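Working notes, beginning with the structure itself.
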Amino acid sequence: MSSNSQPPAALWEALQTSSTRSRPTSKLLSSFENGITDVSESGQSNTTNKYDLLCPRAGCGSVILKKGVAKLEERESLQIEPSDIPPHPLLAPLPDPSESTHWWLIGPTPMEFENIGFSRPVESLALSPSGRKLKLLACAECDLGPLGWSEEGGSEFWLASSRVGYRSG
């Protein structure tokens, strides 16, 4: 295509349509009356996410993970905010590392996600519980994060239940 020509009309229309599509709206965990109980479903062997997990930023709503893919785990909190960067105001603070919190566990590959971004291994953070460097997880569309973490080279990916949105309607 030369620099003076316009894209074909059908292509232009498709590009315009995709940029004006309606975004799903998400609800934060804190808005559910019964908290984690309202957003999880118990099965025979584990508890999974009852709703699609979305980017919590209003106007983004990117689908991060489809319902039923993540397993609910309660485990120790982790310092995932680099100390030299203030936490994002849209993200709920995580408990101190000595306390436990709810995480969505995804694995064994990142291909389980619909849309997620990974940082490089972060030097300024404490190491993971197994002593490996951490990679931070963020929305792949708008870069909001960190929403969770994984170990460098690991096969487990952890999303903080309080830092993602839920498509409940």
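Quick note: the coordinates plus some simple rules give every number you see, no bench work behind them. Predicted model, so just to flag it, every value in this text is computed and none were measured. Cβ atoms come from the backbone with ideal geometry, glycine included; neighbour counts cover every protein chain shown.
Which residue, 43, 145, 153, tops the fluctuation ranking in a GNM of the chain built on C-alpha contacts under 10 Å?
Highest fluctuation of the listed residues: 43.
What label, among (i) 168; (ii) 138; (iii) 195, belongs to volume of the Cα convex hull per residue in Å³ computed from the structure on display?
Structure-derived value, by its label: (i).
Let me know the shape class of segment 79-169, please: from the alpha-carbon gyration tensor, a ≥ b ≥ c as square roots of the eigenvalues, rounded when a/c is under 1.5, otherwise prolate if a/b is greater than b/c, or oblate.
Judged from the Cα gyration tensor, segment 79-169 comes out rounded (a/c under 1.5).
For 105, 54, 90, 65, what's the fewest-to-most ordering of other Cβ within 10 Å of each Cβ?
90, 105, 65, 54
Grab the other residues whose beta carbon is less than 10 angstrom from that of residue 77, score K and R as +1, D and E as -1, and report the net.
-2
Among 60, 55, which comes first, second and so on when ranked by fewest other beta-carbon atoms within 10 Å?
Sorted ascending by nearby Cβ count, the order is 60, 55.
With axes computed from alpha carbons, what is the tilt in degrees of helix 9-19 against the longest principal axis of the chain, rounded to the nearest 10 within 0 to 90?
Result, in degrees: 30.
As a test of the formula, what do you get for the chain when each DSSP H run with n ≥ 4 contributes -39,500 (n - 2.57) and the sum is divided by the residue count, at 222 nm and rounded to the nearest 500 deg cm²/dmol?
For the chain, the value works out to -2000 deg cm²/dmol.
Ranking 164, 39 by Cβ neighbours within 10 Å, fewest first, what do you get?
Ascending number of Cβ neighbours within 10 Å: 39, 164.
Give, as a single signed number, the net charge of other residues whose beta carbon lies under 10 Å from the beta carbon of residue 91, with Lys and Arg counted +1 and Asp and Glu -1.
Around residue 91, the surrounding residues sum to +1.
Let me check I've understood the local charge: for residue 135, count other residues with C-beta under 9 angstrom from its C-beta, Lys and Arg +1, Asp and Glu -1. What total comes out?
Net charge in that neighbourhood comes out at 0.
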